[in-house]
Amino acid sequence: MATGLKICGLTRAEDLRACAALGVDAIGLNLWPESRRFVEPHDAAELLAATPGADGLVRVGVSVDASLSETERAIASLDLDLLQPHGDAPVEPYAELAARYDIGWVWVVRGTPALERLRVPEPAPRWVLLDAAVPGFGGAGQRTDWGFAAEAVEALAPIPVWLAGGITPSNAAEAIATVRPAGLDVASGAEAPGASAGHKDHEAIAALIRACRGPG
């Protein structure tokens with residue numbers, strides 16, 4: 001069974017075109033101003049409007065403790081399919097906002113919390129994203145505990161579980177075989193070493209697609 005692929009932190013039209021052409025499933029637009037991959041909502045809207053094939057990509061708005069009014073504006077201006085809230089604010093208001101607009105949301109679980117104590121928020125997320133626990137928000141390219149992630153995939157079923165944190169073309173196939181996630185979420189791992197944040201490496205994206213799709 002094919003594994004989904006989300007490329008997060010897109011900032012350039014050529015990278016968005018590559019995602020559409022290569023068969024990426026979802027893209028993440030980072031709407032948090034303190035991120036190195038931040039894109040202004042107005043610029044993101046222009047980016048999407050000018051990119052052939054972008055309509056076929058699941059659009060995920062990534063935010064950190066954004067106000068609900070800001071989030072509403074992003075949903076409307078970017079025609080978002082999913083919200084991915086990070087931060088210290090409770091997730092339930094974002095989940096309710098997503099439901100009001102008839103879109104989904106992504107529940108981010110950082111680190112290795114006790115699975116027996118996890119309670120899935122309501123309305124339920126479209127999928128769960130497992131990420132490494134590091135200072136700040138996002139995995140910072142640090143690998144998530146794959147042993148924990150494999151247990152989480154089973155414990156949280158039937159909700160799809162996606163894996164983030166330190167995924168690269170060189171370890172994507174191993175991550176899929178070990179964790180059996182519904183999808184991979186990649187930001188820095190889709191960028192060439194030394195490249196500016198947000199500047200994606202199209203060969204890396206193609207390699208990630210091959211890992212996710214499997215032989216043939």
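The values are calculated or read from the model by the stated rules, or taken from the named source; none is laboratory data. Nothing here was measured: the structure is a model prediction, and the numbers come from that model. Here the Cβ positions follow ideal geometry from the backbone for every residue, glycine too, while neighbour counts run over all protein chains shown.
Some notes on this structure:
- Residues of the range 26-68 satisfying the condition of being closer than 18 Å to residue 200 by Cβ, surrounded by fewer than 20 Cβ atoms within 10 Å (Cβ to Cβ) and in contact with a Phe, Trp or Tyr (Cβ under 7 Å, 6 or more places away or on another chain): 38
- Residues that are out of contact with any helix residue (DSSP H, G or I) (no Cβ under 8 Å at 6 or more places or on another chain), in a loop (DSSP other than H, G, I, E, B) and either of a type outside the set (Gly, Ala, Ser) or farther than 19 Å from residue 110 by Cβ (or both) within the range 157-174 comprise 157, 158, 159, 160, 170, 171, listed in sequence order.
- Options 109, 153: the member that is in contact with a strand residue (DSSP E or B) (Cβ under 7 Å, 6 or more places away or on another chain) and assigned to a strand (DSSP E or B): 109
- Here 115, 129 are screened, and the one residue that is hydrophobic (A, V, I, L, M, F, W, C) and surrounded by 14 or more Cβ atoms within 10 Å (Cβ to Cβ) is 129.
- Checked against the criterion of being closer than 24 Å to residue 2 by Cα, among the hydrophobic types (A, V, I, L, M, F, W, C) and at pLDDT below 95, the candidates 54, 49, 44, 26 yield just one match: 54.
- Of all the listed residues (11, 71), the sole one being hydroxyl-bearing (Ser, Thr, Tyr) and either part of a loop (DSSP other than H, G, I, E, B) or surrounded by fewer than 14 Cβ atoms within 10 Å (Cβ to Cβ) (or both) is 11.
- Listed conditions (1) crowded, with 20+ Cβ neighbours inside 10 Å; (2) at pLDDT 95 or above are all met by residue 139, apart from (2).
- For the range 175-212, a residue qualifies if it is assigned to a helix (DSSP H, G or I), free of Cβ contacts under 8 Å to residues at least 40 places away in the same chain and either within 22 Å of residue 130 (Cβ to Cβ) or under 17 Å from the mean Cα position of the chain (by Cα) (or both), and the qualifying residues are 175, 177, 178, 179, 204, 207.
- Residue list for the range 171-216, filter: closer than 28 Å to residue 148 by Cα and basic (Lys, Arg): 180, 210, 213
- Residues of the range 12-36 classified as within 15 Å of residue 189 (Cα to Cα) and touching a strand residue (DSSP E or B) at 6+ places or on another chain (Cβ under 8 Å), total: 5
- Restricting 184, 156, 208 to those that are over 21 Å from residue 86 (Cα atoms), buried (at least 17 other Cβ atoms within 10 Å of the Cβ) and either of a type outside the set (Lys, Arg) or at pLDDT 95 or above (or both) reduces the list to 208.
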